[in-house]
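Visitor: Quick one: the structure is below, questions incoming.
The values are calculated or read from the model by the stated rules, or taken from the named source; none is laboratory data. From a predicted model like this one, the values you see are computed outputs, not experimental measurements. Cβ coordinates were reconstructed from backbone atoms using ideal geometry, including for glycine residues, and neighbour counts include every protein chain displayed. Accessible surface is based on the protein model in full, side chains and every heavy atom, while ligands, DNA and RNA are left aside. Shrake-Rupley method; radii C 1.70, N 1.55, O 1.52, S 1.80 Å.
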Amino acid sequence: GVVIERGWVLIDATIDGADYTILSTHLESGKQPGLAELRAAQATEIATVLGAAAPAIVMGDLNDVPGSLMYNVMLGAGFTDVWAALRPGAIGYTCCHVDDLSNPRATFYQRIDQIWTRGIGHPRAGAQGTISITGKVPASRLDGPEYLIWPSDHAGVVANLLLAPAWGVRGD
């Protein structure tokens, strides 16, 4: 009797002559009993679908925090949390604005919007590039029907990664 309409979309892309598998997802939200396990199962499905594909990028609203079951599934599948790699120690909260998007300032309290990579970055130095959060300052708000509103209930995460071809030959 329960229909879950979450999922993922996957594309095999060629960027600067190199092939990448890119997957975007929105895992199930909520704190009710069993949902942490469901998100871990959804992450397991993603890891299974991707198999050994590398280089690969997974991104989206994962609705779970570092240290969670879902997070550990991604680590176990050989993925790197790009925020943790590029901004170690930085909080990076992305969620959530109030339901009607009317809060005057961001009051984020968790990091659930994430970018994960596998097989991207320098073989010895790991992930290279920058990562930032967008949509968390009051100037990001838009005209709403009656007052300024945020464009989303979450902030966005933007990563600029130095991809393998920039190193010359893979394995350099």
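Visitor: Over the chain, what number does the Rg to Rh ratio reach, with both radii from the alpha-carbon atoms and Rh per Kirkwood?
Guide: Result: Rg/Rh = 0.99.
Visitor: Modelled label-to-label distance, LEU148 and ALA90, 7 Å Cα→beta-carbon offset: nm?
Guide: Inter-label distance under the simple model: 2.4 nm.
Visitor: Counting only helical runs of four or more DSSP H residues, what would the 222 nm mean residue ellipticity of the chain come to if each run contributes -39,500 (n - 2.57) and the total is spread over all its residues?
Guide: About -5000 deg cm²/dmol.
Visitor: Averaged over every viewing direction, what's the projected area of the C-alpha convex hull for region 21-64? Give it in nm², one decimal, please.
Guide: 2.8
Visitor: On a 0 to 90° scale, report how tilted helix 35-50 is relative to the longest principal axis of the chain, with both axes built from alpha carbons and the result rounded to the nearest 10.
Guide: 30
Visitor: In whole Å and largest first, what semi-axes does the C-alpha gyration tensor of region 26-98 yield when each eigenvalue is scaled by 5 and square-rooted?
Guide: Listed largest to smallest, the semi-axes of region 26-98 are 19, 18, 10 Å.
Visitor: Using label points projected 7 Å from each Cα along Cα→Cβ, tell me how many nm separate LEU10 and ALA125, to one decimal.
Guide: Using points 7 Å along Cα→Cβ, the separation is 3.1 nm.
Visitor: So what does LEU75 come to for accessible area, using a 1.4 Å probe and Å² rounded to 10?
Guide: Accessible surface of LEU75 is approximately 80 Å².
Visitor: Something else: To the nearest 10 Å², what's GLU45's accessible area with a 1.4 Å probe?
Guide: For GLU45, solvent-accessible area is about 90 Å².
Visitor: Taking the simple approach of a point 7 Å from Cα along Cα-to-Cβ for both ALA139 and VAL158, what is their distance in nm?
Guide: Spacing of the two 7 Å Cα→Cβ label points: 1.2 nm.
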